[in-house]
Amino acid sequence: MALKKEYWVIGILSIMVVAFVLIIVIATIATRELRTPPPAITGLIANDASYIRHGQIDLSWSPSDATDFLYYYIYASQEEITDVVDLSPIARINDRTDVSYQATRYRVPGLSLALFAFMKDTEYWFAVTAVDFDGKESMVSNSVSTTIEIMPPPSPAPSVIIKAVHMGAFNPETITVPVGTTIAWTNIEDSYFEDCYFFRNPHTVVSTTGLFNYELTDTDNIFSYTFNQTGVFTYHCELHPEETATVIVVEELEAVLRGQ
């Protein structure tokens, strides 16, 4: 009889332990289901979308306040991002304190395996979210947009070249040109050797009225400026005060009549 009683006690204790474990598991699952996602990311900015940097877009934001932070997701779209339900992240960052990202590629919708460069003159929107250990993702509080600049057209080819020679003068010192003419100044002068050039001393090309100010050196030896207004424009070399010159800009018809 005593043995059967012990079995009963052991059975009851086992049932109690199993029930307790089940209660803990159910409570844990329920707690996770009731837990809220991490707070939305704030302070997101996008900058330096310049053609000079080959389309690189710099993103930065404030660190996540989530107590159980796991990682950041970065998203990109050609439309304003209000949620990320239909978007795939372009990057993931696991360090809470790493709150910057250099975006250089854009994942085209429908081509999940292909990455393409950001296109110039196209507006792109970005958003960042935080994900916790339960896989819950924060909402999108705001998205930011930026447009990569278009590279400006190249300067017109100069139709007149003025040399800053070593003998202390601009050559020619005075010139008359029609409006719209692009003039180039250089301190390179033909040498006595075929197919060679001789680099002269540095000179500056400084407009008296502040239109331009440029220094010609051994490595930066040409400067151009387009005169889009008529008038008399004087300039000089700050390194050599005796070097002064004048550009006279006239209407094209008048220049033709003068035989320029």
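Rounded to the nearest 0.05, what FRET efficiency is calculated for N142 and D98 with R0 set to 22 Å and r the Cβ-Cβ distance?
Efficiency for this residue pair is about 0.60.
Go ahead and run the numbers for FRET between I222 and K120, Cβ-Cβ distance against an R0 of 30 Å, rounding to 0.05.
For I222 and K120, the calculated efficiency is 0.65.
What distance in nm lies between label points placed 7 Å from Cα along the C-beta direction at L211 and E79?
So the label points at L211 and E79 sit 5.1 nm apart.
Tell me, K120, K136, K163 in order of fewest to most beta-carbon neighbours within 10 Å?
The fewest-first ordering by Cβ neighbours comes to K120, K136, K163.
Taken together, the values in this text are just the output of simple stated rules run on the coordinates, not laboratory data. Remember, predicted model here, so these are calculated numbers, not experimental data. As a convention, Cβ positions derive from the backbone with ideal geometry for all residues, glycine included, and neighbour counts pool all protein chains shown.
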